[in-house]
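Contents: one structure, followed by commentary.
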There are 2 protein chains.
Amino acid sequence: MGRSYHQFCGLARALDVVGDRWSLLIVRQLLVGPARYTELLAGLPGIATNLLADRLRQLEDAGVVEKGPADRAGASAYALTSWGEGLRGPVDGLIRWSVPLMARGPGNDRFQLEWLALALPALLTGRRASHTIGIDIDGELLQVRATSRGVEVARHDGRELEGVLHADAWTVLGLASGAVTLGDAGASFVVDGDAEAVRALFETPGPSAPRKQRERPRQRR
Amino acid sequence: MGRSYHQFCGLARALDVVGDRWSLLIVRQLLVGPARYTELLAGLPGIATNLLADRLRQLEDAGVVEKGPADRAGASAYALTSWGEGLRGPVDGLIRWSVPLMARGPGNDRFQLEWLALALPALLTGRRASHTIGIDIDGELLQVRATSRGVEVARHDGRELEGVLHADAWTVLGLASGAVTLGDAGASFVVDGDAEAVRALFETPGPSAPRKQRERPRQRR
DNA sequence: CCGCATCCTCATGGATACTG
DNA sequence: CAGTATCCATGAGGATGCGG
């Protein structure tokens, strides 16, 4: 374990657990879903194998991660505990905070589709419309389902899509964060199918939107 | 700068900026308010002076922190930029996530009153009642003002207090997180003045509050 | 193959002394 | 007061080994 801060403060105690290098990125991978050691290794470009092993042990000891039983191939899956799942909020918050950092584009940085699957629900909060659309990035098709409970992103499972957005990862992030709008001329994307469904997802103003005060006494429950 | 992860992912880019050791704790200090170098040093027990200087430079370069002009005493104050202020959400989230880590009590860890001033608004979200109470910890009096816009905590400024809670930091955190209730027998705290105002702050079930079986409100004294 | 453990090198962190 | 400079300890990164 990296050294403790020895401060009786929630943030310091949290960072004692997930503040070491790579720890939160491992959590990020597991927020997408359970994964085996080599899948984690592949999803965390740049990590050293010993560090992954160390961090997984730390996180397991702390109760953030749990290791499933090994199958006969010797492969055991790592997953978040329910407490570990609780990191989704802070992680989503950091993803939203990082929008200005993503605006400069990918540069030479590595990219994985699953990171976008994590970022989209974080960025597309409060969408009211209920739609299922696809996002095609370099031939890989993501399926984005907006419901009243939030936005779910997964690989396309064959479900019928109302529309499909073809773009690169940068553009998709720009759209999701509002830096790019579907009306932008010259932006490099194509929409197939029901453009309205795609617009409903990306063009809803976020929490900063002026709310029309259509008044009806609020009927609770 | 700590090494970049070189990943085109919001979380990784965020951690490139605030993921180094001590960085988020410096942000924590500045979320309470602007501070000078030596104040930061005092509020961050354990940090080395060269690290504080390094981290401040990094954060300044990244646009998280800005350094005010030096007065004639050579003292310049550091403050968060508006983007840096945006870290309050993720930090609050981590503080809420860390509640189970705080439950084991302070142990030998250092404690500062201002950390509580940061934790209380994070934990006491969604309070509807409008009250101003005091919290007395070892003779230091905090003033907690709950309004419709949230909870503000500061040192007591002489304002009239509806009630005062006398307790230690651990107990206050326990109350704020719901682990301790004002009805608990044997818990070591005392309420002066309007106990109802104090209850209104601490006993409203927040979104994260464990909903036990419905209990008749215990009339305290 | 998968899931690590070991070894080695070098960058980063930590403690303290010192300076404009 | 607000940092530098210095020196040592620790942790990260990369290659490779090795048992199951």
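Bear in mind these aren't lab numbers, they're just calculated from the coordinates by the rules spelled out. These numbers come from a predicted model, not from an experiment. Backbone-built Cβ (ideal geometry, glycine too); neighbour counts: all protein chains shown.
Report summary: the helix-based calculation at 222 nm, which adds -39500 (n - 2.57) for every DSSP H run with n ≥ 4 and divides by the residues of chain B, gives -11000 deg cm²/dmol. Across all Cα pairs in the protein assembly as shown, the calculated P(r) in 20 Å bins from zero up to the longest distance comes to 22, 52, 24, 1 percent per bin. This model, with +1 at the C-beta of Lys and Arg and -1 at the C-beta of Asp and Glu, gives segment B:104-163 a dipole about its Cα centre of some 340 debye. In a DSSP loop and with at most 14 other Cβ atoms within 10 Å, the trypsin sites (Lys or Arg not before Pro) in segment A:73-157 are A:Arg104, A:Arg128, A:Arg149. Taking every alpha-carbon pair under 8 Å whose residues sit at least 6 apart, segment B:1-126 reaches a relative contact order of 23 percent.
Relative to its residue count, segment A:108-202 spans a Cα convex hull of 98 Å³ per residue. Once the Cα atoms are used to define both axes, helix A:23-32 deviates from the longest principal axis of chain A by about 50 degrees. Rounded to the nearest 5, the antiparallel percentage of DSSP beta bridges internal to segment B:108-202 is 80%. Test of the criteria: in segment A:121-194, which GluC sites (Glu not before Pro) are in a DSSP loop and have at most 12 other Cβ atoms within 10 angstrom of their Cβ? In loop regions of segment A:121-194 (DSSP not H, G, I, E or B), the sparsely surrounded GluC sites (Glu not before Pro) are A:Glu160. Axis angle, to the nearest 10 degrees, between helix A:88-97 and the longest C-alpha principal axis of chain A: 60 degrees. Note: relative contact order over segment A:108-202, using C-alpha pairs below 8 Å and six or more positions apart, is 28 percent. Under unit Cβ charges (Lys, Arg +1; Asp, Glu -1), what dipole magnitude, rounded to 20 debye, does segment A:10-86 have relative to its Cα centre? Value, rounded to 20: 120 debye. Computed over chain A, relative contact order equals 13 percent, with contacts defined as Cα pairs under 8 Å that lie 6+ residues apart. The alpha-carbon positions of chain A define a convex hull whose volume is 194 Å³ per residue. Summary for B:Gly33: label point 7 Å along Cα→Cβ; distances to the equivalent points in the other copies, ascending, 5.0 nm. With a Förster radius of 45 Å, plug the Cβ-Cβ distance of B:His6 and B:Arg155 into 1/(1 + (r/R0)^6) and report the FRET value to the nearest 0.05. Efficiency for this residue pair is about 0.55.
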